[in-house]
Amino acid sequence: DKSTGIFHGSVAVCDTPDGTFTPIGTEPLLNFSYSIIDQNLFVDDDGRTYIFYSKDCSTNKINGKGVSQTYGVEVSNDFTRLIGDPVLISTPEYSWEMQSGNTIWNEGPVVFKENGKYYLLYSANYYAKSKYSVGYAVSDTVLAKYEKPANGCILKGNDDTITGTGHCNIFRFEDEIYLVYHAHTVPPTNDK
């Protein structure tokens, strides 16, 4: 929204993936008083649909720090309305997630279900720095605070040729789950 500087989230539809997408409705679906980024969909086994997103650090201040946190909310299957209120599912808690000074992140949420458990993959730290990494958390319920192990960082750079590994997604092929992510191939020179 140019008048407020707040980022909202909308849904658009098209008959083909390479065509012109048309927004559903006249107002953003995720239209809050705070900025959101990194929306991602999850459809559960029962057909219910959820949107996960990051409450952006640009408008979310906690104890003097900018904090990006991950939320989830159910959405109607026609993507016209939210069902219930957003639920906080992840916030930076561990030292490996807090390597970016006065701004800290849990962003880029991806939720998937495996063997009856819900898994959250998320990124922590500043995307343009070498410490950008991927962590995971687990829940028995789709909309709940996901439990993180203290050593939950599962993907990080080698501090040499690959850094800033983060903002991932998954896809399944046959019996395998694949993780795709972006990275810096040369460490940033302005890193601490």
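The values are calculated or read from the model by the stated rules, or taken from the named source; none is laboratory data. What you are looking at is a predicted structure, and each value in this text was computed from that prediction instead of being measured. Glycine gets a Cβ as well: all are built from the backbone with ideal geometry, and neighbour counts include every protein chain shown. What goes into the accessible areas is simple: the full protein's heavy atoms, side chains included, and nothing from ligands, DNA or RNA. Shrake-Rupley method; radii C 1.70, N 1.55, O 1.52, S 1.80 Å.
Numerical summary
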| quantity | calculated |
| --- | --- |
| Pairs, first at pLDDT 95 or above in region 25-41, second part of a strand (DSSP E or B) and among the basic types (Lys, Arg), C-beta under 7 Å, six or more apart | Tyr34/Lys55; Ile36/Lys55 |
| Long-range neighbours under 8 Å by Cβ, at least six apart or interchain, first residue β-branched (Val, Ile, Thr) within region 90-105, second open to solvent by 30 Å² or more (accessible area, probe 1.4 Å) | Thr103/Lys65; Thr103/Tyr126; Ile104/Lys65; Ile104/Met98 |
| Residue check, Ile62 over 14 Å from Val111 (Cβ atoms) and in contact with an Asp or Glu (Cβ under 6 Å, 6 or more places away or on another chain) | no |
| Check on Phe112, at positive phi, open to solvent by 20 Å² or more (accessible area, probe 1.4 Å) and not charged (D, E, K, R) | no |
| Condition met for Gly84 (within 24 Å of Lys131 (Cα to Cα) and more than 19 Å from the chain's Cα centre (by Cα)) | no |
| Lone qualifier among Gly72, Gly108, Gly25, Gly64 - being of a type in the set (Gly, Ala, Ser), more than 25 Å from Gly135 (Cα to Cα) and out of contact with any Pro (no Cβ under 6 Å at 6 or more places or on another chain) | Gly25 |
| Gly84 being in contact with a strand residue (DSSP E or B) (Cβ under 7 Å, 6 or more places away or on another chain), open to solvent by 10 Å² or more (accessible area, probe 1.4 Å) and at positive phi | yes |
| Matching residues in region 152-189 - criterion: being under 16 Å from Met98 (Cα atoms) and surrounded by fewer than 17 Cβ atoms within 10 Å (Cβ to Cβ) | Ile154 |
| From Lys65, Lys55, residue being within 18 Å of Leu120 (Cα to Cα), among the basic types (Lys, Arg) and surrounded by 14 or more Cβ atoms within 10 Å (Cβ to Cβ) | Lys55 |
| Region 120-139, residues that are touching a residue at least 24 places away in the same chain (Cβ under 8 Å) and open to solvent by 40 Å² or more (accessible area, probe 1.4 Å) | Tyr126, Tyr127, Lys129, Lys131 |
| Whichever residue in region 140-151 is within 17 Å of the chain's Cα centre (by Cα) and open to solvent by 30 Å² or more (accessible area, probe 1.4 Å) and, among such residues, is farthest from Thr91 (Cα to Cα) | Leu143 |
| Of all residues in region 91-109 being touching a Lys or Arg at 6+ places or on another chain (Cβ under 8 Å) and assigned to a strand (DSSP E or B), the one that is surrounded by the most Cβ atoms within 10 Å (Cβ to Cβ) | Ile104 |
